[in-house]
Amino acid sequence: MAQTTATPARVDRDTGLAMYRTMQECRLLETRAQELFFEGLVRGTTHLGIGQEAVAAGFAAAMRADDYTFCTYRGHNHTLARGVPMAPVLAELFGRATGLLGGKGGSMHLTSVEHSVMGSYAIVGAHLPIALGAAWSAQYRKSGQVAVCFFGDGTTNIGAFHEALNMAVVWKAPVVFVCENNQYMEYTPIGAVTAVARPAADRASAYGLDDIVVDGNDVEAVYDVATTAIARARAGDGPSLIEALTYRHGGHSRADPGTYRPDDEVAAWKARDPIPAFRARLEASGVEAGALDAIDEATRAKVAEAEAEARAAPEPGADVLETQVWADGGSAWRN
Amino acid sequence: MAELTYRAAIAAGIAQEMDRDPTVVLIGEDVGAAGGVFKLTEGLFDRFGPDRVRDTPISEQAIVGAAMGAAMTGLRPVAELMFSDFFAVTWDMVVNQIAKARYMTDGQMSLPLVLRTANGAGLRFGAQHSQSIENWVMAIPGLKVVAPSNPGDMKGMLAAAIRDPDPVIVCEHKALFAEKGEVPDGEHVVPLGQATVVRVGADVTIVALAAMVPRALAAADRLDAEHGIDAEVIDLRTLIPLDAQAILRSVAKTSRLFTVEENPRVGGWGAEIVSLVADEGFYSLDAPMVRITTPHIPLPSAAALEDLAVPSVERIVATVKRRLDDAR
């Protein structure tokens, strides 16, 4: 797997190992979730980010513990990357009582306020204004927090994207907008439905922002732009818009085999898989293979443990069906 | 007691809460330096400054979305939608995001926010600036909905809405902005979810909301004076949570129920009340329940047509009189 030609990693050893671990945790959990979907254990739908882990890992490594994450229905990676445990995530996908959301949200809505993961949003574009609001709140409270908002290339064509960018710039809100350009808007190539070649970067100038494009499969490059943009936001210099070029190895959702994509395109991107590429760099910088193998092994064990825990968990009962509509814990709409 | 207009009561309610809680902030189009297109927020910008009273672009999704993001991270935002019709522009934020966030996260998130909006007919603005949207929001689990009918309730219920830990939609009726009424001095808070009997009567119950309350009261006076019919009038004030017991208590006494609704016919709040009374108060009834509503049409702009569309004092009097005659 290791390529002798790899450029040595630039980040320090601890950061490098942390980002490698995060990417592997995302990859192995999602890979297992997909298998369990076909076993019928994961219900509903799932949108996997296999191939896109470097964006989540690079940003998570650059964020402060109390910085906010806002992500999409393709949000498993971003949720795990902030340190949310695997077992409740998997249990939520199984529809179990011990799920992260008690079985009320599902794969598309993973949230862990405790970890500053302020939600996975499944209506395209909605969370850009919401992330802006969290950033405005941080600015008003002078908390120094930054909101990081991840979304897909397809989002750049919906109104909320433009409303949020404009208002964020006007308000100098501490928010970083991160477009994960995985080349496809659901089943359609993004270029076929977008007026400009670079769906996010080419819109940046309309809001007075720099056009920032990063190789989203290069976790160190992502870490670098994340560090710069987050520092800028924290310093009170306003928002950034970043376009990270990446690719999903699978289809849009569990029902989609992704056959509309040319084989050579898929093969070319899979050859640029962010995880083996970064492993090679770490090795080239002197990290021993054994340390990386140990992370792989430990991650496999964590996934197995989480799966066993989620499998053993009960389904939610009628007692919780009508709870948590209101802050009093109930759902009464009349007396 | 001070006499205030409904319009001034809105600013007074917001100011009262901004004074006592530094996490209360106000955003919306023209709400700051301009004081609001209806002058509903006049003076707040000068008093509380641009950090707490923020003008926004014409971006309803960003306004409502930003309020949501701020509410989940420690603020109590009050966002203004200039006209309630504009809820349609930001419907995803209201229905899919704000209303569902707490349930979908199993209680991880609280959203103490208020969406205020100028609602209802009377200014001849036509179909896209005159609607009554309380039924739209009432139908969505997770939203509280209030529609005050007088200055005292306006100030007190707006204060209660701002203090409430859940999202509250406050419908401010355009036709009432200039109406004057008594507002108690000092801190004034009117709890949500409590209807009030604004006229005690024995023969029929008339349930009304917002601008239909003064019309129902005027109709009740005429029914009494001209026909000897003694009507009890209930100001519903809050749609969610609904004070069902107040309605059931009144119907148990009068045995006859009329609702007066400004909204188009289908799916109006009165239908929910009629359904509820049919289920739980049926044996109290002496006659069919009757809903007096706007026809199921968009609102026209011409004064003559708008007046024909929205329930009038004359229509309320005539309907109640006719239905009682029918029953005799």
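Below are the figures for this structure:
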item: Elements of type strands (runs of 3 or more DSSP E) in region B:181-276, at least 1 residues being buried (at least 24 other Cβ atoms within 10 Å of the Cβ); result: B:204-208, B:231-235, B:238-240, B:257-264
item: Residue match in region A:242-258 (condition: in contact with a strand residue (DSSP E or B) (Cβ under 9 Å, 6 or more places away or on another chain) and farther than 24 Å from residue A:271 by Cα); result: no
item: Within region B:144-180, considering residues that are over 15 Å from residue B:17 (Cβ atoms), part of a helix (DSSP H, G or I) and among the charged types (D, E, K, R), the one nearest to the other protein chains (Cβ to nearest Cβ); result: B:153
item: Checking residue B:141 against (1) part of a helix (DSSP H, G or I); (2) surrounded by fewer than 24 Cβ atoms within 10 Å (Cβ to Cβ), the condition it does not meet; result: (1)
item: Yes/no for residue A:265 being of a type in the set (D, E, K, R), more than 14 Å from chain B (Cβ to nearest Cβ) and part of a helix (DSSP H, G or I); result: yes
item: Residue within region B:210-219 that is free of Cβ contacts under 8 Å to residues at least 24 places away in the same chain and in contact with a Lys or Arg (Cβ under 9 Å, 6 or more places away or on another chain) present; result: yes
item: Residue in region B:113-128 that is out of contact with any Ser or Thr (no Cβ under 7 Å at 6 or more places or on another chain), at pLDDT 95 or above, at the interface with chain A (Cβ under 8 Å from one of its Cβ atoms) and over 26 Å from residue B:214 (Cβ atoms) present; result: no
item: Verdict on residue A:277 being crowded, with 16+ Cβ neighbours inside 10 Å, assigned to a helix (DSSP H, G or I) and out of contact with any helix residue (DSSP H, G or I) (no Cβ under 7 Å at 6 or more places or on another chain); result: yes
item: Flag if residue A:289 is surrounded by 12 or more Cβ atoms within 10 Å (Cβ to Cβ) and either closer than 23 Å to residue A:35 by Cα or within 14 Å of chain B (Cβ to nearest Cβ) (or both); result: no
item: Single residue of A:207, A:187 found to be over 19 Å from the mean Cα position of the chain (by Cα) and at pLDDT below 95; result: A:187
item: Complete set of residues in region A:195-222 that are touching a strand residue (DSSP E or B) at 6+ places or on another chain (Cβ under 8 Å) and either among the β-branched types (Val, Ile, Thr) or surrounded by 20 or more Cβ atoms within 10 Å (Cβ to Cβ) (or both); result: A:199, A:200, A:201, A:203, A:204, A:209, A:212, A:213, A:214, A:216, A:217, A:222
item: Candidate set from region B:277-322 (those that are in a helix (DSSP H, G or I) and of a type in the set (D, E, K, R)); member that is surrounded by the fewest Cβ atoms within 10 Å (Cβ to Cβ); result: B:279
item: Segments classed as strands (runs of 3 or more DSSP E), wholly inside region B:18-94, with at least 1 members that are more than 14 Å from every other protein chain (Cβ to nearest Cβ) and of a type in the set (D, E, K, R); result: B:76-81
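Here is a yes/no grid of residues against (1) under 20 Å from the mean Cα position of the chain (by Cα); (2) farther than 28 Å from residue A:14 by Cβ; (3) of a type outside the set (Phe, Trp, Tyr):
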site	(1), (2), (3)
A:219	yes, no, yes
A:222	yes, no, yes
A:228	yes, no, yes
A:233	yes, no, yes
A:250	yes, yes, yes
A:255	no, yes, yes
A:263	no, yes, yes
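Residues checked against (1) at pLDDT 95 or above; (2) within 10 Å of another protein chain (Cβ to nearest Cβ); (3) touching a strand residue (DSSP E or B) at 6+ places or on another chain (Cβ under 8 Å); (4) closer than 16 Å to residue A:77 by Cα:
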position	(1), (2), (3), (4)
A:128	yes, yes, yes, no
A:154	yes, no, yes, no
A:162	yes, yes, no, no
A:175	yes, yes, yes, no
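The values are calculated or read from the model by the stated rules, or taken from the named source; none is laboratory data. Quick caveat: nothing in here was measured; it's all calculated off a predicted structure. Cβ sites come from the backbone with ideal geometry, for glycine too, and all protein chains shown count toward neighbours.
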